[in-house]
1. Val163's amide H: which non-local residues (gap 5+, or another chain) put their own amide H closer than 5 Å, with H modeled 1.01 Å from N in plane and none for Pro or chain starts?
2. If you put +1 on each Lys and Arg Cβ and -1 on each Asp and Glu Cβ, how big is the dipole of the range 27-183 around its Cα centre, in Debye rounded to 20?
3. Would you count, across the chain, every pair of lysines whose alpha carbons are under 20 angstrom apart, provided the pair is eight or more residues apart or spans two chains?
4. Considering the dipole of the chain built from charges on the beta carbon (Lys and Arg +1, Asp and Glu -1) around the Cα centre, which of Phe180, Val111, Ser92 is farthest to its positive end?
5. Amide H of Ala29 versus every other amide H placed in the peptide plane: which residues, excluding those fewer than 5 positions away on the same chain, fall under 5 Å?
6. Just need the relative contact order of the range 27-183 here, percent rounded to a whole number, with Cα pairs under 8 Å and 6+ apart.
7. As an exercise, identify the trypsin sites (Lys or Arg not before Pro) in the range 57-104 lying in DSSP coil whose Cβ has no more than 15 other Cβ atoms within 10 Å.
8. Would you look at the GNM of the chain, springs on alpha carbons closer than 10 Å, and say which of Thr177, Thr45, Thr107 moves the most?
Amino acid sequence: MMNGCPRWSLLTVPLFAALGCSDPVPRPAQGGLTLSIQKPPGTVTCPVPGKTYEVGNPKGPTSISAGDRLVDGENSASIKCSVKGSGPFTFSGSIHTDVSKLTLSLTNGVVNADKLTGTATVTVYTADLSGTFASAASACTVSVINQQVQPGSMWATLSCPTVTNGSTAQSCAVGETTTFVLENCDGS
């Protein structure tokens, strides 16, 4: 630690450089999302199998690049998040944009002590789905990218074998290429 700031390797600096850990003024939450909706094996009820949505400013994240973040309150974006702990971590968050007509919510999120893997409960809405689809409790797999998790921020991929619309019984999957970034979150 230097001046109260965590010391990061060169791989982590690009993602967290904008955090300005010594800045006493709270900054609004930021986030990015690349969401893949797929048809689960053996089902035919997913209304939009094989579609990818990108939410960023302008680019969403991938497993190789953290992309460009949307800021809470700008361009009709609503970003809310919490990442707490030191390994294990707990997290929750939501990324919503009226422009893309998309909402992803993460609840009951846990990143294990290994700081690499975890689980979450997911709900997702897109205009194409015409409804909200939800996973079972803690049924989605989270994989942290390049150990990019700390109090207040994380970068990870997400996969849910099944998300279901409770009113229509339609089922889809959140694909393995789904990637999200959350920054300037509540970390205390």
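1. Counting only residues 5 or more places away or on other chains, the set is Cys172, Ala173, Val174.
2. Numbers: 9 positive and 9 negative charges, 26 e Å.
Here the range 27-183 has a charge dipole of around 120 debye.
3. Working: Lys39/Lys51; Lys51/Lys59; Lys51/Lys101; Lys59/Lys80; Lys59/Lys101; Lys80/Lys101; Lys84/Lys115.
Taking the chain as the scope, the lysine pair count is 7.
4. Of Phe180, Val111, Ser92, it is Val111.
5. Asp72
6. Working: 466 pairs, mean separation 39.1, N = 157.
Averaging sequence separation for qualifying contacts and normalising by length gives 25 percent for the range 27-183.
7. Values: sites: Lys59, Arg69, Lys80, Lys84, Lys101; in loops: Lys59, Arg69, Lys101.
Of the trypsin sites (Lys or Arg not before Pro), the ones in loops of the range 57-104 whose Cβ has at most 15 other Cβ atoms within 10 Å are Lys59, Lys101.
8. It is Thr45.
Values in this text are rule-based calculations from the coordinates and carry no lab data. As the structure is a computational prediction, the values presented were derived from the model and not from experiment. Backbone-built Cβ (ideal geometry, glycine too); neighbour counts: all protein chains shown.
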